1. In segment B:1-25, how many are under 30 Å from residue B:280 (Cβ atoms) and either surrounded by fewer than 10 Cβ atoms within 10 Å (Cβ to Cβ) or over 47 Å from the mean Cα position of the chain (by Cα) (or both)?
2. If residue A:128 satisfies all but one of (1) more than 9 Å from chain B (Cβ to nearest Cβ); (2) crowded, with 16+ Cβ neighbours inside 10 Å; (3) not in a loop (DSSP other than H, G, I, E, B), what's the number of the condition it fails?
3. Restricting to segment A:79-97, name every residue that is more than 8 Å from chain B (Cβ to nearest Cβ) and over 17 Å from the mean Cα position of the chain (by Cα).
4. What is the number of the single condition among (1) touching a helix residue (DSSP H, G or I) at 6+ places or on another chain (Cβ under 9 Å); (2) assigned to a loop (DSSP other than H, G, I, E, B); (3) more than 14 Å from chain B (Cβ to nearest Cβ) that residue A:121 does not meet?
5. Search segment A:98-118 for residues being more than 7 Å from every other protein chain (Cβ to nearest Cβ) and not in a helix (DSSP H, G or I), and hand back the single one that is nearest to residue A:205 (Cα to Cα).
6. For segment B:148-167, what are the residues that are assigned to a helix (DSSP H, G or I) and free of Cβ contacts under 8 Å to residues at least 60 places away in the same chain?
7. Is it fair to say residue B:222 is more than 14 Å from chain A (Cβ to nearest Cβ), part of a helix (DSSP H, G or I) and surrounded by fewer than 21 Cβ atoms within 10 Å (Cβ to Cβ)?
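Only the coordinates and a few stated rules stand behind these numbers; no lab work does. If you're wondering where the values come from, they're calculated on a predicted model, not measured in any experiment. Cβ atoms come from the backbone with ideal geometry, glycine included; neighbour counts cover every protein chain shown.
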C-alpha cells in the first residue's frame, strides 16, 4: 500500500529493508521497511524512546560510534547498501549530511565552520572556498545576518543562528540527502519558524528526512510521515493522510494527542 | 507526630565546631604558603643587600667559596635550569600529547584501562631511582652514542625529566581531550571527516588550552625537580654551552651547597635567594596553568 502511493511522486532515494537495530541485547528497531522518496520531506514521528533518532542515525551510519550497536537488514541509498563492506564512510557521510538536535558549531569562526567539510579531504583555493561558503550561508538563510562578521567565533551566535549555521555547514559539502534530528528542539519558536521554512525550501534540491516529536511540525513541513512506536513502524503514508485519516488506531491516538 | 525543631544547644555547638574545624584546615594551607613566601623573602633580603641585586641578576659566575673574590651570579644556573627543562619538554610534550590522543581516541576501552594506571605509576617512581637510572643506564648510553668520556650532562637530565613530566602531560591532556563535547566529534564525522582529521582539526584545537596547561604543569614539575638532575647532569658550574655539557641547575646547586654552608653567611642567604627565584618561576607557571584550565572548563560547558 505504502509503495504504490510513493510511485506517483517519483524516484525512491532511500530504501530500508528488514532493518533491525540492537544496542547490546536490547532491540530498538524491529523489522522496518520503508522507502523514502527523492526531493520530498519525510518526517519520522513517535513518542520519546520509540527509536526515531536511532533510525535516522542508521541512515548515515552514525550508530557506528556506539560500540554495542548492531544492525541487521539493508539500507539502500541509490540502490547501494550502505552497510556493505565496500562502503566508503567518508563518501557516505558527504552524500548524507546531518543536522543535530542541539546546534553544535565548532569553536571556530563562522567561515571556518562552513568551510570545514570542504577543507578536509580535498584542496579548494581561497576564492572557491569563499564562493561555496557564501552560497551555503545564503541557502541556509543566514547570509544577511553574518556576512559582515564571518571571522567571528560561531559560538557567539544565538541558538537559532547556530542551527542555521550548522545547516549551512552541512549544505557546503553538497550532500544529496539531509537528515535532521529534532533540529528545533533546542531553539525558540521564532527561530523554529525560520528553520522550518528553510527545510521546506531545501526539498527542491535535496531529499530531506526529519525526526521530530512535534506533530504540528511534521504536519506543517513534511510530505510523508512515518509513525514509529516502540521500535516498530506502525504507519507510513502521505502526511495529510496520517493526520486526517490514519489507517491505524495507534496512529490516530498519537496524532490526536491521546498519548505521547 | 515528630517535631522538626533543633534539639537543644548541643547540636548547634557541634555543627559550629565541625564548620570551624574544616575552615581552619583550609586556612592553614594558605597560612603555610604565605609563611614559606615570607621566610624566603626574609632570608633572601640580606643576600641582595650584601651581594647587590645587580651582581646576582647579571653575573654568570657563581663562586661563593673563592678566597680572593666570591661571586654570586645566578645566570648560569638559571640558564642550565631553562635548558634542561626545555630539552625535557621538547621530548615529552609531543610524546605526551600523542599518548593522550591515543588513550582518548584510538585505544580500545580495555587497553585504556591497562595503560592509564601504568602511566600514572610512572609518576610514583621516586626521583632518586630515576636519577640512578640516569647514572647507570642513560649516562653510559649517551657517552657511547656521542663518544664522550661520560654521559652526565644536560641531555641526560632532559631525558630523565621528560620521563618524569610525562604522566602530568598525558593525564591532563587526556582529560581535556575527553572534555571536548561529543557533539563536536559527531559534527565532524557527519561532515565526512575521518577520525584522524577529527582529532587534529577539531578535538586538539578545542582542547588546546588544556594541552598547553599540561605543558606548563609538566614544566613546573621539571623545573622543581632536584635529585634526578643532581645525579644525572654532572653539576659543572660553568655557563652551559650545549646539551652535551655538564650543567648545574638552580635546584641541584641549592641541594649541593646548603649542607655545607655556614649559617647566616652571605652564601647561606644567597642560596635562599636562589630558592626564591625558583619559587617565583614555578609559582607563576602553575598559576597560569590553573587559570588556563579554569578558562577552558568554562568555555567547554
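1. 1
2. Among (1) more than 9 Å from chain B (Cβ to nearest Cβ); (2) crowded, with 16+ Cβ neighbours inside 10 Å; (3) not in a loop (DSSP other than H, G, I, E, B), the lone unmet condition for residue A:128 is (2).
3. A:79, A:80, A:81, A:83, A:84, A:85, A:86, A:87, A:88
4. Here residue A:121 meets the rest and fails (3).
5. A:99
6. As a first pass, look at segment B:148-167 and keep what is assigned to a helix (DSSP H, G or I): B:154-167.
Selection gives B:167 alone.
7. Judged against the criteria, residue B:222 is not a match.
For (1) under 23 Å from the mean Cα position of the chain (by Cα); (2) surrounded by fewer than 24 Cβ atoms within 10 Å (Cβ to Cβ); (3) touching a residue at least 12 places away in the same chain (Cβ under 8 Å); (4) within 14 Å of another protein chain (Cβ to nearest Cβ), each residue gets a yes or a no:
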site	(1), (2), (3), (4)
B:174	yes, no, yes, no
B:180	no, yes, yes, yes
B:185	no, yes, yes, yes
B:196	no, yes, no, yes
B:207	yes, no, yes, yes
B:212	yes, yes, yes, no
B:218	yes, no, yes, no
B:233	yes, no, yes, no
B:243	yes, yes, yes, no
